[in-house]
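Asker: One structure is given below, represented as structure tokens, and several questions about it will come after.
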Amino acid sequence: MELNILEKIFKIVKNNQSVALVTLTKSKGSTPRKEGALMGVWMTDFIGSIGGGLIEYRVIESARKALENNLSMDFKYDLTKEAELGMTCGGTVEGYIKIINPKNRIVIVGAGHIGQKLYSVIKDSDFEKIIIDDRIECKNLIPDILIGDYSEIIKKLPENSNTYFVIVTRGHSTDEESLAAILDKKSKYIGMIGSKKKVIEIKKNIEEQKKIIPKEKIYSPIGLKISDGTPFEIAIEIMAEILKVKNNGELIHRRLEDANTF
């Protein structure tokens, strides 16, 4: 049974949907299931059981709330008549809800100098890596690049809410075309290179297409202000911004401020 649960969870996550893995970590006294019992919960269904009844209902509710917040959590229930659930088993159970998300993915739209450098920077990372361009000659530089019309390739990408899009094509029109297509996809971050003037103009054009622009996830001009303007350092500042968003990071130095430390 446990293998079936894990295989189902793997299949759902592989299809870019988050799942909550529920595990009973402690069971004391008389309880419906013992420690080690597993259950997989997603927004539309679940598999497995940690005991049925009201306790399972409450845990499924908690798991879906954890999925909404993308936060793993502990739980503990007292299964006595006097306790919150009013159950009469007489024991207690404790467990953990672990959120399992699809793999983080970076999609680089454009294989010019900056796109190439960024692709090189993330080469050994845990991100799923996709790079797109419309120039066939880019195949000579990056063998696994996707070549074709930007918007058509973007439309065909599998949905993944943990996607970080980086728009760095060779021109204003292809940047705008790519952004318009990306706005129809699930994403965590959308970054686009360009001057403030260019960004304002593209924003106006996109709004005229009646597309909704999620301001909270669009970063344009792209990147943290830390580079010297060379392609390599621009790639680093783009990656730094992505990591800040991904990890809810802080823009602070790690160095010790206490002068007496050294």
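Every read-out reported here was derived from the displayed coordinates using simple, explicitly stated rules and does not represent laboratory data. No experiment lies behind these values; they were computed from the predicted model shown. Glycine also receives a Cβ, built like all others from the backbone with ideal geometry; neighbour counts cover every protein chain displayed.
Asker: Residue separation times 0.36 nm, minus the C-alpha to C-alpha distance between Lys98 and Lys28: what's the value? Mind showing how you got there, number by number?
Answerer: Details: separation 70, 0.36 × 70 = 25.20 nm, distance 2.16 nm.
This chain segment gains 23.0 nm when fully extended.
Asker: From Cα coordinates alone, what are the radius of gyration and Dmax values for the range 105-246 in angstrom?
Answerer: For the range 105-246, the Cα-based Rg and Dmax read 13.9, 40 Å.
Asker: Using Cβ contacts closer than 10 Å as the measure, can you line up Val166, Val121, Val199, Val22 from fewest to most? Write down the numbers at each step before the final one.
Answerer: Details: Val166 29, Val121 15, Val199 18, Val22 26.
By the 10 Å Cβ count, ascending, the order reads Val121, Val199, Val22, Val166.
Asker: Quick check: pseudo-label points 7 Å beyond the Cα along Cα→Cβ at Glu216 and Leu6, how many nm apart are they?
Answerer: So the label points at Glu216 and Leu6 sit 3.6 nm apart.
Asker: Each residue of the range 13-27 in turn: what ³J(HN,Hα) in whole Hz from Karplus with 6.51, -1.76, 1.60 and θ = phi - 60°, glycine and Pro shown as x?
Answerer: 5, 4, 8, 6, 10, 6, 9, 9, 8, 9, 10, 6, 9, 8, 9
Asker: Let me ask you something else. Please go through the residue pairs Lys14/Lys244; Lys11/Lys244; Lys117/Lys204; Lys8/Lys117 and name each one whose alpha carbons sit more than 27 Å apart in this structure.
Answerer: Working: Lys14/Lys244 25 Å; Lys11/Lys244 29 Å; Lys117/Lys204 30 Å; Lys8/Lys117 38 Å.
With Cα atoms farther than 27 Å apart: Lys11/Lys244; Lys117/Lys204; Lys8/Lys117.
Asker: Quick one: 3J(HN,Hα) in Hz for the range 140-148, Karplus 6.51/-1.76/1.60 with θ = phi - 60°, rounded, Gly and Pro as x.
Answerer: Karplus-based 3J(HN,Hα) across the range 140-148 equals 5, 8, 9, x, 8, 5, 9, 10, x Hz.
Asker: Among Met1, Met39, what is the fewest-to-most ranking by other Cβ atoms within 10 Å?
Answerer: Numbers: Met1 10, Met39 24.
The fewest-first ordering by Cβ neighbours comes to Met1, Met39.
Asker: So how tilted is helix 172-182 from the main axis of the chain? Cα-based, degrees 0 to 90, rounded to 10.
Answerer: 10 degrees
Asker: A further question follows. Can you compute the helix-only [θ] at 222 nm over the chain? Use -39500 (n - 2.57) per DSSP H run of at least 4 residues, normalise by all residues, nearest 500 deg cm²/dmol. Write down the numbers at each step before the final one.
Answerer: Working: 7 runs with 86 residues, N = 262.
Calculated from helices alone, the mean residue ellipticity at 222 nm is -10500 deg cm²/dmol.
Asker: Using θ = phi - 60° and the Karplus curve 6.51 cos²θ - 1.76 cosθ + 1.60, what whole-Hz ³J(HN,Hα) does each residue of the range 105-117 get, with Gly and Pro shown as x?
Answerer: With the stated coefficients, the range 105-117 comes to 10, 10, 10, 9, 9, x, 10, x, 4, 5, x, 4, 5 Hz.
Asker: Treat the chain as a sphere of radius equal to its Kirkwood radius over Cα pairs and apply Stokes-Einstein at 25 °C in a medium of 0.890 mPa s; give the translational diffusion coefficient in µm²/s, rounded to a whole number. Walk me through the numbers on the way to the answer.
Answerer: Values: Rh = 21.4 Å.
Result for D is 115 µm²/s.
Asker: Then there's this: With r defined as the distance between the Cβ atoms of Asp124 and Asn247 and R0 fixed at 25 Å, what FRET efficiency is calculated, to the nearest 0.05?
Answerer: E(calc), rounded to 0.05, equals 0.90.
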